[in-house]
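**Q** One structure is given below, represented as structure tokens, and several questions about it will come after.
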Amino acid sequence: MTEHTLDQRIVAIRFQKLGKLYHFDASRLEDLKLGDHVIVNTTRGREMGEVASLTPPAGSLPEVKKLKPVERRATPQELVANNQWKRKELEAMIDCRAEAAALSLRGVKIAKAEYSYDGSRLTFLYNTDTDDKVNLTGLRRAMQKKYSGARIRMRQIGPRDVAKIIGGLGACGLEERCCSKFLTEFSPISIRMAKEQGISLNPNEITGMCGRLRCCLMYEYEQYVEARKQLPKRKKKVITPAGEGKVIDVLTLKQAVIVELEDGKRAEFLKHELQPYDELKALEAKANAPCDRHENGGCDCGKAEKG
């Protein structure tokens, strides 16, 4: 762990249009602006990325791992070459799909082909129908023979990433899926998020086009959790203006609950109209308890003596 110096500048760089942000040390470069394209060294080799965020000097930031430096700005020639390689990605993807079909690789979906900015690497992003590992050695060799000028790589991605690449209409009716429009990362989604918000657990209603739980289940989850903390839980006994009852449903957004009263009737009550049954009974018991000072006399509390 290394603490940054006061004069160190940190920038966030993305390598795809809506890709995850990665941080680099930009201290070597002056006047770096949003939208500038730079060359950096990553675990996958040298890549061209776009400056997406400029952060303040790192002296006030907590300790983080030592960041890799931004090597330099991309040259105009590299920007032109990058665009040219991008235009060849569709053809490469089609060729890879055809080769996968020829090799009878069932259940393998080639989602995208990605060239590096200088054309030295060609990566095919794929997904499979099962969790079983698929041997793609034959496919990689065939593509290496066809595209001998680039180093071929095969990288497996998840169904959410595939949906992000494909784009299209969202399950909710939006003209573009959230993952393709503004999400830069995928957060963990659980069935509990749907339960907490009172959403139907029908798979058709909570499953996205990727076949996984919808990303939007997390958008309001924390607000629901916080709001529910102010309300009694289901099956909890409460005191209402109409008498004692048991909570049978919670209306989080209305800050109200549905209570089944002792006579079997059901009614809706707002949060401020409720009193917790257990706490109220505990206070009543304490108020009616004999006073300890009765034994020594001199107490005028008016309560009966113990025993």
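**Q** So Gly173 passes all but one of these: (1) exposed (fewer than 12 other Cβ atoms within 10 Å of the Cβ); (2) at pLDDT 85 or above. Which condition number does it fail?
**A** All conditions are met except number (2).
**Q** Step by step: first the residues of the range 41-57, then only those that are within 14 Å of Arg9 (Cβ to Cβ) and more than 25 Å from the chain's Cα centre (by Cα), then the one that is surrounded by the fewest Cβ atoms within 10 Å (Cβ to Cβ). Which residue is that?
**A** Filtering first and then ranking leaves Pro56.
**Q** Among the residues that make up the range 242-255, is at least one of them among the basic types (Lys, Arg) and either in contact with a strand residue (DSSP E or B) (Cβ under 6 Å, 6 or more places away or on another chain) or within 19 Å of Asp278 (Cβ to Cβ) (or both)? Even if it seems obvious, please write down each step before you answer.
**A** First, pick out the residues of the range 242-255 that are among the basic types (Lys, Arg): 246, 254.
After this cut, where a residue has to be either in contact with a strand residue (DSSP E or B) (Cβ under 6 Å, 6 or more places away or on another chain) or within 19 Å of Asp278 (Cβ to Cβ) (or both) as well, the list is 246.
Yes, because at least one residue in the range 242-255 is among the basic types (Lys, Arg) and either in contact with a strand residue (DSSP E or B) (Cβ under 6 Å, 6 or more places away or on another chain) or within 19 Å of Asp278 (Cβ to Cβ) (or both).
**Q** Scan the range 199-213 and tell me whether some residue there is surrounded by 13 or more Cβ atoms within 10 Å (Cβ to Cβ), under 29 Å from Phe269 (Cα atoms) and hydrophobic (A, V, I, L, M, F, W, C).
**A** Checking the range 199-213: at least one residue is surrounded by 13 or more Cβ atoms within 10 Å (Cβ to Cβ), under 29 Å from Phe269 (Cα atoms) and hydrophobic (A, V, I, L, M, F, W, C).
**Q** List the number of the failed condition for Gln156; all other conditions in (1) under 23 Å from Thr184 (Cβ atoms); (2) of a type outside the set (Phe, Trp, Tyr); (3) touching a Leu at 6+ places or on another chain (Cβ under 6 Å); (4) surrounded by fewer than 16 Cβ atoms within 10 Å (Cβ to Cβ) hold.
**A** (3)
**Q** Taking only pairs six or more apart or across chains, which ones have beta-carbon atoms under 7 Å, a first residue in the range 237-260 that is at negative phi, and a second residue that is assigned to a strand (DSSP E or B) and aromatic (Phe, Trp, Tyr)?
**A** From residues that are at negative phi, the pairs are Thr240/Phe269; Ala256/Phe269; Val257/Phe269; Val259/Phe269.
**Q** I need the full set of residues from the range 221-245 which are of a type in the set (D, E, K, R) and in contact with a helix residue (DSSP H, G or I) (Cβ under 9 Å, 6 or more places away or on another chain), in order please.
**A** Those that are of a type in the set (D, E, K, R) and in contact with a helix residue (DSSP H, G or I) (Cβ under 9 Å, 6 or more places away or on another chain): Arg228, Lys236, Lys237, Glu244.
**Q** Does Glu268 satisfy being touching a strand residue (DSSP E or B) at 6+ places or on another chain (Cβ under 9 Å) and charged (D, E, K, R)?
**A** Yes; evaluated as a whole, the condition is true for this residue.
**Q** Counting only residues that are farther than 16 Å from Leu169 by Cα, part of a helix (DSSP H, G or I) and charged (D, E, K, R), how many does the range 203-223 have?
**A** Final tally of qualifying residues: 1.
**Q** Restricting the search to the range 224-261, which residues are in a strand (DSSP E or B) and exposed (fewer than 14 other Cβ atoms within 10 Å of the Cβ)?
**A** Gly243, Ile248, Asp249
**Q** Just one of (1) buried (at least 18 other Cβ atoms within 10 Å of the Cβ); (2) in contact (Cβ under 8 Å) with a residue 40 or more places away in the chain; (3) within 32 Å of the chain's Cα centre (by Cα) trips up Leu139, so point out which.
**A** Leu139 satisfies all of (1) buried (at least 18 other Cβ atoms within 10 Å of the Cβ); (2) in contact (Cβ under 8 Å) with a residue 40 or more places away in the chain; (3) within 32 Å of the chain's Cα centre (by Cα) except (3).
The values are calculated or read from the model by the stated rules, or taken from the named source; none is laboratory data. In this text, all values refer to a predicted model and were calculated from it rather than measured experimentally. FYI the Cβ positions are ideal-geometry reconstructions off the backbone, even for glycines, and counts take in every protein chain you see.
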